[in-house]
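Peer 1: The structure that follows is given in the form of C-alpha cells.
Read the figures in this text as sums done on the coordinates, not as results from a lab. As the structure is a prediction and not an experimental result, all values here were calculated from the model. Please note: Cβ atoms are built from the backbone with ideal geometry, for glycine as well, and neighbour counts cover all protein chains shown.
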Number of protein chains: 2
Amino acid sequence: MSWLTATYLVDSEPDRIEARAAAIASEQSVECPLEAIGDARIIEDIVARVGAIEPAGPGRYRVDVRIATQTIGTNPAQFINMVFGNASLWDNVQLADLALPSSVLDIFTGPRHGIAGIRALLDAPQRALTNAAMKPQGMHVPELAALCRTFALAGVDIIKDDHGIDDQWYSPFAERVHACQHAIADAVRATGKPAFYAPNLIGTPRTLRERARIARDEGVRVVLIAPMLVGLPAFLDLVDEFPGFVYLAHPSHAGARRIAAPLLFGRLTRLFGADAAIFVNYGGRFGYPQSDCGDIADAARAPWAHIRPTLPVPAGGMLLDRIEELLTFYGPDTMLLIGGNLLIERDAIRERTQAFVERVAAFRFPAQLSGSTA
Amino acid sequence: MSWLTATYLVDSEPDRIEARAAAIASEQSVECPLEAIGDARIIEDIVARVGAIEPAGPGRYRVDVRIATQTIGTNPAQFINMVFGNASLWDNVQLADLALPSSVLDIFTGPRHGIAGIRALLDAPQRALTNAAMKPQGMHVPELAALCRTFALAGVDIIKDDHGIDDQWYSPFAERVHACQHAIADAVRATGKPAFYAPNLIGTPRTLRERARIARDEGVRVVLIAPMLVGLPAFLDLVDEFPGFVYLAHPSHAGARRIAAPLLFGRLTRLFGADAAIFVNYGGRFGYPQSDCGDIADAARAPWAHIRPTLPVPAGGMLLDRIEELLTFYGPDTMLLIGGNLLIERDAIRERTQAFVERVAAFRFPAQLSGSTA
C-alpha cells in the first residue's frame, strides 16, 4: 500500500485533539463511522490513519494524516478532494503541508517551462527578472498598447495585463492581444532585448480555450491566469492543451487562510503547472509574514522529483525603493512584479520603469545566493 | 452606469475602517493608487465606491462596496474575480453578501430544474425528499449496486455516490454507473416509485465531460458534483453542456475560501446552476450555527429574478432521530441526506432506511410551512 501524508494545523482543546485527528482521517477517506464498514480490506487499506500529533502553539496542533493513494488513483481533482475536501469545512482546520509519494507526483507533469524555460525565453541566464502590470482596467486598447510599449522600451521582461482586465467593451481581448503583441514587437526591434506580453485568461474552460487559441495565433508566449479562480483542475487541462505557454499564476480568489500560503502558492500551483507564481509580498498591501514569503519562494524552487522549479514572483504594493532589500531576500531566481508604483507619476512612467530595470540588472547578489537553482 | 453591491465583513480598528474599505474598493476594481489614473472616466465609472459602513460586533464592520458591472461584462469567472479577487487575500475580510442588478443576473441561467423540476422528476409535489449516500469508498461495484438497490427498495428518492467515490480501481466509473443504473431500475420496477442514482463527477473539465457523456448514455438523470473543487466556472460549463442533469452540489473543498456560508451554498452555487445544494447541518459533525443553516435554506429558495429555486439538502452527521426536528426547521422544500447513520447496523440497512423514508413521508408540517415555494 502507498500512502501520502497530509499535515493539518488544528485548533483544539488538548483532551479533544485525538478525536479531532481521527475525525479528519475519517472525513478525508471513508467519511462514515467505522462500525458502518463491514470489509476488513477497507479498514486496512482505505481508511486514513492518524500519524504524529505535535503541539504547534497554544491550543494548536500539527496533525499528520496518512491517506491511501489508491483513493486518488490518477485524478488530480480527486487529489484535492482527498487532501482537503470535507475537512475544509471546519473553520479551525488548515491544510499545512503535504508529503507525496511518487504514485501521486506521477499524476502531474508540473511546469512545462519553469525557471529554466523562462530564463531561456528571456535570454537571461542569471539575473533577477522584472515584471510590470498594465493598469488600471478601463483603459482603451491604444492606451494599453502604448503602456505595453513603454514598459518594453524601458526593458521590462514580462508585461502582464492587470488581473481585472478581461474582455470588457473598453479593451476587448482579441483586439487587445493583437495590439499589445504589435506594440511589444516594435519595442523589441528597437531595444534588441526580449520582452513578452502576458494577456490575462479568465473564464469558464470553454472561454479559456477560445482565448488561448487567439493568444497562440497572435504569437503570445506568456499568459496570466488565476488558478484558484478558474479552478485548479481547469488550469491543469489548459496547461496540458496549451503546453507552449509560460503560465504566470495570479493569486486572485485564493484566500489562503485554510491552505498554508507556502503550500498553496509554492507547491500546489507548481504541481498543477504554473511556471511562475505571483504571491503577495511581506510589507506590502496584504501583510503576509516575511517568513511565509520566504517559505513560498523556497517551496517554488526546491528540487521536487521530476517537477520543474517555479519562478517566485513577489507582488502587491511593491515599491521601487525596496528593490535591493527584496533581491537580497529572494535571490536571483525571482521576478519582481511592480504594478501601481511605476504608474504614480503619469509623465515619468518610462523613467521610473527604467530605474526599476536598471536597479534589478545592476544588483550584485551576495555570493551565497548567486547562481540559478533552475 | 450599473453597479452591484458587495458586502464584506471586515475586522478592523475603528480608526482604520474607512481606509480598509477604500482599499477593498481599489483592490476589487482598478487595483492601483488613484493618482496613477489619468482618465476621469475611469475614476468616475470604473473605480469601485465605498457605500455604507456599519458596526457588526466588536472590532468588526459590514462594508458595502459598489462595483461597476461593466468591469464584469458577461463573464461569470470575471464576476467572481471582481467581487472577491485580491480582497480574499486579507485574512480579516469575508465576502458576506451580494446585491446583483439584472445586468449581472442575466449572465446566469441558474438551475435548469430547481425544486419544481426535482419534484416533477420524483413525482413528489409536496412532501420533503430523501437522499442517501453509498459509502464507504473502497467497496466494489457489485456491493455498491446492491446498496443502491437496497436504498431504492426502501423508498429513498435520490441515492448518491459518496463524494470520495471517483474512478478508483475498486469501483470504476463506467462499470459502477452501469451497474447502479440497473440496480435502481430493478428496484423501481419492484416498488413502482421513482428513484434516481446520482454518480459523482470529479475531475478536470475534460474528465467531467467524458463522464457526463457516459452517465447520460446510461440514462442517468441526477449527478453529484463539488463546484468549489472543480471550480465554479467549470461547473457552469458542464451545466450548460449537459442541461438535462439535475445537479446536486457537494460542499467538498468549499471551506478553503472565505465566503459566508449562506452566500456560497445558498446563492453562488444556485447562480451557477445547482438544482440542489448539500450543506453541513447544525448540530452535526461540522458545527455550523443553526441560523446560518436557516439562512442557507432561505437563500436557496427565495425568489430571485429568473433564477429558479435550489433545493436545500442538509447533511453531515444527520441522525434518524432528528428527522422531525429538522423537517420542522427546514420545511417541506428540503431533501434530507442521511449517510453513515443508515449504515451503522450492517444487517438492518434496509429497515433503517425504510424508517427514514416513512418518517419523512408521515411527517405533518405545521400549517405555516406547508406548500412548495418552487
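Peer 1: Give a residue-ordered list of calculated ³J(HN,Hα) values for region A:348-359 (Karplus: 6.51 cos²θ - 1.76 cosθ + 1.60, θ = phi - 60°; whole Hz; x for Gly, Pro).
Peer 2: Listing the rounded values in order: 10, 4, 5, 5, 4, 5, 4, 4, 4, 4, 5, 5 Hz.
Peer 1: Once phi is turned into ³J(HN,Hα) by the Karplus curve 6.51 cos²θ - 1.76 cosθ + 1.60 with θ = phi - 60°, what whole-Hz value does each residue of region B:100-115 show in order, with x for glycine and proline?
Peer 2: 10, x, 4, 5, 8, 4, 5, 5, 10, 8, x, x, 7, 10, x, 4
Peer 1: Next up: Would you work out the charge dipole size for chain B about its Cα centre, treating the Cβ of every Lys and Arg as +1 and the Cβ of every Asp and Glu as -1, and quote it to the nearest 20 debye? Each step should come with its number before you reach the end.
Peer 2: Numbers: 35 positive and 42 negative charges, 199 e Å.
Value, rounded to 20: 960 debye.
Peer 1: Quick one: longest stretch of chain B between exposed loop chymotrypsin sites (Phe, Trp or Tyr not before Pro), exposed meaning at most 16 other C-beta atoms within 10 Å and loop per DSSP?
Peer 2: B:170-362
Peer 1: So, one more: If the convex hull of the alpha-carbon atoms of region A:115-272 is projected onto planes in all directions, what is the mean projected area in square nanometres?
Peer 2: Projected area, direction-averaged: 9.1 nm².
Peer 1: Could I ask something else about it? Name the chain A residue with the Cβ nearest the axis that maps A onto B: which is it, and what is the distance in angstrom?
Peer 2: Rotation axis A onto B, closest Cβ, rounded to whole Å: A:G231, 1.
Peer 1: A further question follows. How far is B:E345 from itself in the other copies, in nm, if each label sits 7 Å out from Cα along the Cα-Cβ line, shortest first?
Peer 2: Distances between equivalent label points, in nm: 8.1.
Peer 1: How charged is the neighbourhood of A:E325? Take every other residue with its Cβ under 15 Å from the Cβ of A:E325, and add Lys/Arg as +1 and Asp/Glu as -1.
Peer 2: Combined, the nearby Lys, Arg, Asp and Glu give +1.
Peer 1: Which of A:I24, A:F235, A:A277 sits closest to the plus end of the dipole of chain A, meaning its Cα is farthest towards the positive end, when Lys and Arg get +1 and Asp and Glu get -1 on the C-beta?
Peer 2: Value computed over the given set: A:A277.
Peer 1: In addition: Treating the point 7 Å from Cα along Cα-beta-carbon as the label, what are the nm separations from B:E324 to the other copies, to one decimal?
Peer 2: 7.8
Peer 1: Using the crude model of +1 on Lys and Arg Cβ and -1 on Asp and Glu Cβ, and no other charge, please compute the dipole size for the protein assembly as shown relative to its Cα centre, in debye to 20.
Peer 2: The dipole magnitude comes to about 780 debye.
Peer 1: Still on this model: Can you give me the long-range amide H partners of B:L311? Hydrogens built in the peptide plane at 1.01 Å from N, cutoff under 5 Å, separation of 5 or more residues or another chain.
Peer 2: B:I115, B:A276, B:A277
Peer 1: Among A:I67, A:I42, A:A99, flag the residue with its Cα farthest along the positive direction of the charge dipole of region A:1-127, charges on Cβ as +1 for Lys/Arg and -1 for Asp/Glu.
Peer 2: It is A:A99.
Peer 1: Under unit Cβ charges (Lys, Arg +1; Asp, Glu -1), what dipole magnitude, rounded to 20 debye, does region A:242-337 have relative to its Cα centre?
Peer 2: Approximately 400 debye in magnitude.
Peer 1: Can you give the Rg to Rh ratio for region A:247-374, taking only C-alpha atoms and Rh from Kirkwood?
Peer 2: Using only Cα positions, Rg/Rh for region A:247-374 is 0.97.
Peer 1: Could you give me the ³J(HN,Hα) list for region A:21-27, computed from phi with Karplus coefficients 6.51, -1.76, 1.60 and θ = phi - 60°, whole Hz, x at Gly and Pro?
Peer 2: 3J(HN,Hα) across region A:21-27, in whole Hz: 4, 5, 5, 5, 4, 5, 4.
Peer 1: Along the principal axes of its C-alpha atoms, what lengths does chain A span, in descending order and rounded to whole Å?
Peer 2: 72, 44, 34
Peer 1: Share of antiparallel DSSP beta bridges in chain B, in percent to the nearest 5? Don't skip to the answer; put the middle values down first.
Peer 2: Values: 20 of 45 bridges.
Within chain B, antiparallel bridges account for around 45 percent of the total.
Peer 1: Still on this structure, please answer the following. Of B:G203, B:A52, B:A315, which is farthest along the charge dipole of the protein assembly as shown in the positive direction, counting Lys and Arg as +1 and Asp and Glu as -1 at C-beta?
Peer 2: Of the candidates, B:G203 comes out farthest on the positive side.
Peer 1: With a sphere of radius 10 Å drawn around the Cβ of A:F363, what net charge do the other residues whose Cβ falls strictly inside it have (Lys, Arg +1; Asp, Glu -1)?
Peer 2: +1
Peer 1: Calculate, axis by axis, the spread of Cα positions in region B:128-218 along the three principal axes, and write the results as whole Å, longest axis first.
Peer 2: The Cα atoms of region B:128-218 stretch 36, 24, 24 Å along the principal axes, largest first.
Peer 1: Would you mind checking which residues have amide H under 5 Å from A:D97's amide H? H placed 1.01 Å from N; only 5 or more apart, or other chain.
Peer 2: Close amide H contacts, sequence-distant or interchain: A:T7.
Peer 1: Right, next: Any lysines with Cα under 29 Å of the B:K135 Cα? List them, leaving off those in the same chain fewer than 8 positions away.
Peer 2: Leaving aside lysines fewer than 8 places away in the same chain, those within reach of B:K135 are B:K160, B:K193.
Peer 1: Which of the GluC sites (Glu not before Pro) found in region A:255-347 are in a DSSP loop and have at most 15 neighbouring Cβ atoms, other than their own, within 10 Å?
Peer 2: Those satisfying the criteria are A:E345.
Peer 1: Rg/Rh for region A:98-165: what does it come to with C-alpha atoms and Rh from Kirkwood?
Peer 2: 1.16
Peer 1: Still on this structure, I have one more. Collect residues whose amide H, placed 1.01 Å from N in the peptide plane, falls under 5 Å from the amide H of B:V222; neighbours closer than 5 in sequence don't count.
Peer 2: Result for B:V222 returns B:V246.
Peer 1: Still on this structure, I have one more. List the distances, in nm and shortest first, from the label point of A:T74 to the matching label points in every other copy, placing each point 7 Å from Cα along the Cα-to-Cβ direction.
Peer 2: For A:T74, the other copies' label points sit at 3.9 nm, shortest first.
Peer 1: Per-residue Cβ counts within 10 Å, from other chains only, averaged over A:37-48: what number is that?
Peer 2: Numbers: counts 8, 6, 6, 0, 4, 6, 2, 1, 2, 7, 3, 0.
Taking the mean over all residues of the peptide, I get 4.
Peer 1: Quick one, what does Rg over Rh come out to for the protein assembly as shown if you take C-alpha atoms and the Kirkwood Rh?
Peer 2: Using only Cα positions, Rg/Rh for the protein assembly as shown is 0.98.
Peer 1: Here's a follow-up. Using a basic spin-label model with each label point 7 Å from the Cα along Cα→Cβ, how many nm lie between A:V188 and B:A99?
Peer 2: With each label placed 7 Å out from Cα toward Cβ, I get 4.9 nm.
Peer 1: So, counting K/R as plus one and D/E as minus one, what does the shell of residues with Cβ under 13 Å around A:I344 add up to?
Peer 2: Net charge around A:I344: -2.
Peer 1: Expressed as a whole percent, how much of the Cα-Cα distance distribution for region B:1-122 exceeds 18 Å?
Peer 2: 55 percent
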